Amino acid sequence: MTLEILGISVLWIFLFGYVIVASIDFGAGFFNAYSLLIGKNHILTNIIKRYLSPVWEVTNVFLVFFFVGIVGFFPQTAFYYGTILLVPVSISLVLLAIRGSYYAFESYGTRGGHIGYTLTYGVAGLLIPASLSVVFAIAGGGYVDLIDGQPVLNYWTLYTSPFAWSIVVLSIAAVLYISAVFLTWYAHKANDSEATKLMRKYALVWAAPLMISALGIMYEMKSINRELQSYGEFMVDVCDFSCLIYCHSRTHCHAEKVRTCSWAPNCSICRSLLCLWNCSISIPTVSVLNHLR
Amino acid sequence: MINESAVYWSRALTELTLSFHIIYATIGVGVPLMIMIAQWTGYKKNDEHYILMARRWARGFVITVAVGVVTGTAIGLQLSLLWPNFMQLAGQTIALPLFMETFAFFFEAIFLGIYLYTWDRFDSQKKHMLLLIPVAVGASMSAVFITIVNAFMNAPRGFDIVDGELVNIQPFLAMFNPAMPTKVAHVLVTAYMTSAFVLAAIAGFRMLKGSKHVYHKKSLLLLMKIGLIFSIAAAVIGDFSGKYLAEYQPEKLAAAEWHFETEGKASLVLFGVLDGEEVKYAIKIPYALSILAHFNPNAEVTGLDQFEEEDLPPLYIHYLFDIMVSIGMFMVLVSLLYVVGKARGGWQFIHSRWYRWIIVAGGPLSIIAIEAGWWLAEVGRQPWILYGLMRTPEGATTSDHVDLMLLLFAGVYAVLAVGSIVVLVRMFKKNPIEREIEDRHSEKGGDIL
């Protein structure tokens, strides 16, 4: 195994860890805020808080591991991505700062909660995946010009690109869906039938926009002709889909009390393995698709 | 290609982020040790007040840690966003300490979570107290690893240069560079010192505001003792830092001390202002600079005349040096008088209102000393971002809009500063120590004490 393969494998694990944990985390924060707005917080807040409190720092650590790791294994990326991502990633950083600190302010700093803080971190959390997913669109190529050897991001092309926007929509829908599905399972585990029912409803509601935006991206990819351009996004899609399918089947299993999926027990390692496995099949699949096109 | 305005704004934004982060980072490194000492004292003396001290500090600490984490994430990514050329050159070498820093934080966060979650859930106080060891160790190790990165920027080692790239990297040699021992030690002890004086300032403030509870007296004395030990340690290690600089970065020392001519029996310049190359109104301590630099009153100290103009840091760093050293010495004196006065019993002035105000001022002053120290360290390394290898403008981004990002982050930091202060003030105003002790006793039926 070369250093590059080792490096990218490690990075994928970090990124994957982050995507899964953070999706659940951000979605949970949003549902918490939303339930407060529509007056259903008595059903949800308890279950969401019980999940959220131990994970918030851990989530952040995965992200830091990823960006420290990518510079360590692939120092060139610091130059290219560091230069072009100044504005998009700074926006993500601002949102991360708001989300992380207001979460702490609300849960450790107040007795009985603070609606303003809850709304602040709920909304900021939902915008983080949107802002971070722009990186995937940029990584696909077509938004960067090389001027005098220096990469320059073409903001206007990016801003007016339906492809980038679809990814943003997909990321938000995916976060809400993944989180709702996970919390359904979590509430079910905690024998909280009312919360289970409500979260399941949210999961079903968010499945539709998710599928539509995912299909939209596939359609847009077809119209983009550059070889390998959509490699990254496609992998993300496939991974997202694999998570969704898996989570969905799991919700279904639990809802029906049928444990047909015994090969993937309630074990996070199996879940991660499954995702990685899907990842690895997606690589040959995408290559084949690219050649066929 | 160098984008001058991007260089300028990148420096400004990095300075802003670091200056803001370092306040929360210093508290984040030092306070876990204070919590541990308080809880240990409470356990040893079987005194509930010290245990409550640990508990109340931990409660406030969680808020500052959150801001420390998010601003730490910001500076971590800003290294790549604002200094992509530097990270391209050095990223591979500093990735290991950066990675270990994150891991140390991870370690701390996990045990901090368990510690907070298990208040009153352990049968044995001792077991609960033991959870604080990994918290304090993790916090301090984070500081160690991140300071190693900074030390590497001052004294890069552990690689060969081939075609402008760093190759044959030996990560451990790079980590244990000559700047590392003094820098790491100085950062650690000043973090402990500052945390002790900040907490002491809060205790002093509560007493000035009329709280007569013995809790504050106990906490003030404990913190003054800790502060005294670490402020003396900071001075001693600061002296070693001078010797390091004389050996490896003589121009940094010479600029900080306004030492223009290379000479033996060099005197140390304190305060003063600079008029051209003439130092006015300064206090000159004979032989002191030779002693600081080489442990020998007759030793020759390299002056600014040995260097090219373009390799020198700006001379205003002398003012930063003055601020840092005078505050440090002042705090040694304040805590020494308090501790000795307490032990002797006769000195009434240490209980007077004006002395309380001095103790209250000690908190912000220590933070100012930390800021001045870091500005001295960073500006003093100029014009280099990686000493001797890469100049700061070469490391910066070429991207536009850095000025806009500066405004954006300034806004966020303002929000975080106000938010964290409001939350902390409310948290302790609503639940002063008198009420907390009352609540605990009514819950437990008064079986404690």
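Is it the case, given these coordinates, that A:ILE84 is facing another protein chain (nearest Cβ under 8 Å), in contact with a strand residue (DSSP E or B) (Cβ under 7 Å, 6 or more places away or on another chain) and among the aliphatic types (A, V, I, L, M)?
On the way: facing another protein chain (nearest Cβ under 8 Å): yes; in contact with a strand residue (DSSP E or B) (Cβ under 7 Å, 6 or more places away or on another chain): yes; among the aliphatic types (A, V, I, L, M): yes.
Judged against the criteria, A:ILE84 is a match.
Out of all the residues in the range A:43-56, which are surrounded by fewer than 20 Cβ atoms within 10 Å (Cβ to Cβ) and in a helix (DSSP H, G or I)? If you could, list the steps in order and put the result at the bottom.
Start the filter on the range A:43-56 by keeping residues that are surrounded by fewer than 20 Cβ atoms within 10 Å (Cβ to Cβ), which leaves A:43, A:45-46, A:49-55.
Hits for the range A:43-56 are A:ILE43, A:THR45, A:ASN46, A:LYS49, A:ARG50, A:TYR51, A:LEU52.
Does A:VAL87 satisfy the criteria of being open to solvent by 10 Å² or more (accessible area, probe 1.4 Å), touching a His at 6+ places or on another chain (Cβ under 8 Å) and either assigned to a helix (DSSP H, G or I) or at pLDDT 90 or above (or both)? If you could, list the steps in order and put the result at the bottom.
Values: open to solvent by 10 Å² or more (accessible area, probe 1.4 Å): yes; touching a His at 6+ places or on another chain (Cβ under 8 Å): yes; either assigned to a helix (DSSP H, G or I) or at pLDDT 90 or above (or both): yes.
In short, yes.
State whether one or more residues within the range B:152-174 are within 30 Å of B:THR41 (Cα to Cα) and acidic (Asp, Glu).
Of all residues in the range B:152-174, those within 30 Å of B:THR41 (Cα to Cα) come to none.
No, the range B:152-174 contains no residue that is within 30 Å of B:THR41 (Cα to Cα) and acidic (Asp, Glu).
Being touching a Leu at 6+ places or on another chain (Cβ under 9 Å) and either part of a helix (DSSP H, G or I) or open to solvent by 60 Å² or more (accessible area, probe 1.4 Å) (or both) is the filter; apply it to the range B:397-407 and report the residue that is farthest from the other protein chains (Cβ to nearest Cβ).
Going residue by residue through the range B:397-407, those that are touching a Leu at 6+ places or on another chain (Cβ under 9 Å) are B:397, B:399-403, B:405-406.
Narrowing further to those that are either part of a helix (DSSP H, G or I) or open to solvent by 60 Å² or more (accessible area, probe 1.4 Å) (or both): B:400-403, B:405-406.
Numbers: B:ASP400: 8, B:HIS401: 6, B:VAL402: 7, B:ASP403: 11, B:MET405: 5, B:LEU406: 10 Å.
Top of the filtered list is B:ASP403.
Would you mind stating whether A:ILE178 is within 30 Å of A:ASN46 (Cβ to Cβ) and β-branched (Val, Ile, Thr)? Working first, answer last.
Values: within 30 Å of A:ASN46 (Cβ to Cβ): yes; β-branched (Val, Ile, Thr): yes.
Yes; evaluated as a whole, the condition is true for this residue.
Taking the options A:LEU153, A:LEU158, A:LEU132, A:LEU127, name whichever one is within 15 Å of the chain's Cα centre (by Cα) and open to solvent by less than 60 Å² (accessible area, probe 1.4 Å).
Criteria check complete, one pass: A:LEU132.
Here's the yes/no breakdown for (1) modelled with pLDDT of 85 or more; (2) under 28 Å from B:LEU112 (Cα atoms):
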position: A:GLU4; (1), (2): no, no
position: A:LEU11; (1), (2): yes, yes
position: A:SER23; (1), (2): yes, yes
position: A:ILE43; (1), (2): no, no
position: A:ARG50; (1), (2): no, yes
position: A:PRO54; (1), (2): no, yes
position: A:VAL58; (1), (2): no, yes
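Test A:PHE30 against the criterion of being of a type in the set (Phe, Trp, Tyr) and either within 9 Å of chain B (Cβ to nearest Cβ) or closer than 21 Å to A:THR110 by Cβ (or both), and give yes or no. Show your work before the answer.
On the way: of a type in the set (Phe, Trp, Tyr): yes; either within 9 Å of chain B (Cβ to nearest Cβ) or closer than 21 Å to A:THR110 by Cβ (or both): yes.
Spelling it out, A:PHE30 is indeed of a type in the set (Phe, Trp, Tyr) and either within 9 Å of chain B (Cβ to nearest Cβ) or closer than 21 Å to A:THR110 by Cβ (or both).
What single numbered condition from (1) more than 22 Å from A:PHE182 (Cβ to Cβ); (2) more than 8 Å from every other protein chain (Cβ to nearest Cβ) fails to hold for A:ILE38?
Just one mismatch for A:ILE38, condition (1).
Of all residues being aromatic (Phe, Trp, Tyr) and farther than 22 Å from B:LEU33 by Cα in the range B:72-110, which is nearest to the other protein chains (Cβ to nearest Cβ)? Just the residue, please.
The initial filter retains those residues of the range B:72-110 that are aromatic (Phe, Trp, Tyr), namely B:83, B:86, B:99, B:103, B:105-107.
Adding the requirement that they be farther than 22 Å from B:LEU33 by Cα leaves B:83, B:86, B:99.
On the way: B:TRP83: 8, B:PHE86: 8, B:PHE99: 5 Å.
Per the criteria, the residue is B:PHE99.
On the basis of being open to solvent by 30 Å² or more (accessible area, probe 1.4 Å) and either facing chain B (nearest Cβ under 7 Å) or at pLDDT 90 or above (or both), does A:TYR108 make the cut?
Working: open to solvent by 30 Å² or more (accessible area, probe 1.4 Å): yes; either facing chain B (nearest Cβ under 7 Å) or at pLDDT 90 or above (or both): yes.
Criteria met by A:TYR108.
Is it the case that B:GLY276 is in contact with a His (Cβ under 9 Å, 6 or more places away or on another chain) and of a type outside the set (A, V, I, L, M)? Walk me through it before giving the result.
Values: in contact with a His (Cβ under 9 Å, 6 or more places away or on another chain): no; of a type outside the set (A, V, I, L, M): yes.
So B:GLY276 does not fit the description; no.
Matching residues to (1) more than 14 Å from chain A (Cβ to nearest Cβ); (2) open to solvent by 30 Å² or more (accessible area, probe 1.4 Å); (3) closer than 27 Å to B:TYR192 by Cβ; (4) of a type in the set (Asp, Glu):
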residue	(1), (2), (3), (4)
B:ILE323	yes, yes, yes, no
B:TRP347	yes, yes, yes, no
B:ARG353	yes, yes, no, no
B:ALA361	yes, yes, yes, no
B:SER366	yes, no, yes, no
B:TRP374	yes, yes, yes, no
B:TRP384	yes, yes, no, no
B:MET390	no, no, no, no
B:GLY395	no, no, no, no
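Return the only residue of A:GLY140, A:GLY39 being free of Cβ contacts under 8 Å to residues at least 12 places away in the same chain and of a type outside the set (Ser, Thr, Tyr).
Numbers: A:GLY140 fails: free of Cβ contacts under 8 Å to residues at least 12 places away in the same chain.
Testing whether each residue is free of Cβ contacts under 8 Å to residues at least 12 places away in the same chain and of a type outside the set (Ser, Thr, Tyr) leaves just A:GLY39.
If the Cβ limit is 7 Å and pairs must be 6+ apart or interchain, which residue in the range B:316-338 that is under 17 Å from B:LYS284 (Cα atoms) and β-branched (Val, Ile, Thr) pairs with which residue that is open to solvent by 20 Å² or more (accessible area, probe 1.4 Å) and in a helix (DSSP H, G or I)?
Every condition considered, the pairs that remain are B:ILE323/B:ILE368.
Go through (1) buried (at least 21 other Cβ atoms within 10 Å of the Cβ); (2) more than 20 Å from A:ASP25 (Cα to Cα); (3) hydrophobic (A, V, I, L, M, F, W, C) and name the single condition A:LEU170 misses.
Against the list (1) buried (at least 21 other Cβ atoms within 10 Å of the Cβ); (2) more than 20 Å from A:ASP25 (Cα to Cα); (3) hydrophobic (A, V, I, L, M, F, W, C), A:LEU170 comes up short only on (2).
If I go through the range B:279-290 residue by residue, how many of them are open to solvent by 70 Å² or more (accessible area, probe 1.4 Å) and within 18 Å of B:GLY238 (Cα to Cα)?
1
Looking only at the range B:419-443, count how many residues are open to solvent by less than 40 Å² (accessible area, probe 1.4 Å) and either within 14 Å of another protein chain (Cβ to nearest Cβ) or within 29 Å of A:GLY116 (Cβ to Cβ) (or both). Spell out how you get there, then give the answer.
We begin by selecting, within the range B:419-443, every residue open to solvent by less than 40 Å² (accessible area, probe 1.4 Å); these are B:419-420, B:423, B:427, B:431-433, B:436-437, B:440.
Next, only the ones that are either within 14 Å of another protein chain (Cβ to nearest Cβ) or within 29 Å of A:GLY116 (Cβ to Cβ) (or both) stay: B:419-420, B:423, B:427, B:431-433, B:436.
Adding up the residues that qualify gives 8.
May I ask you to verify whether A:VAL19 is of a type in the set (A, V, I, L, M, F, W, C) and either within 14 Å of chain B (Cβ to nearest Cβ) or over 16 Å from A:LEU132 (Cβ atoms) (or both)?
Details: of a type in the set (A, V, I, L, M, F, W, C): yes; either within 14 Å of chain B (Cβ to nearest Cβ) or over 16 Å from A:LEU132 (Cβ atoms) (or both): no.
It is false that A:VAL19 is of a type in the set (A, V, I, L, M, F, W, C) and either within 14 Å of chain B (Cβ to nearest Cβ) or over 16 Å from A:LEU132 (Cβ atoms) (or both).
The values are calculated or read from the model by the stated rules, or taken from the named source; none is laboratory data. Computed from a predicted model, the values in this text were never measured in an experiment. Methodologically, a virtual Cβ is constructed for each residue, glycine included, from the backbone with ideal geometry; neighbour enumeration extends over all protein chains shown. Ligands, DNA and RNA are excluded from the accessible area calculation, which covers all protein heavy atoms including side chains. Shrake-Rupley method; radii C 1.70, N 1.55, O 1.52, S 1.80 Å.
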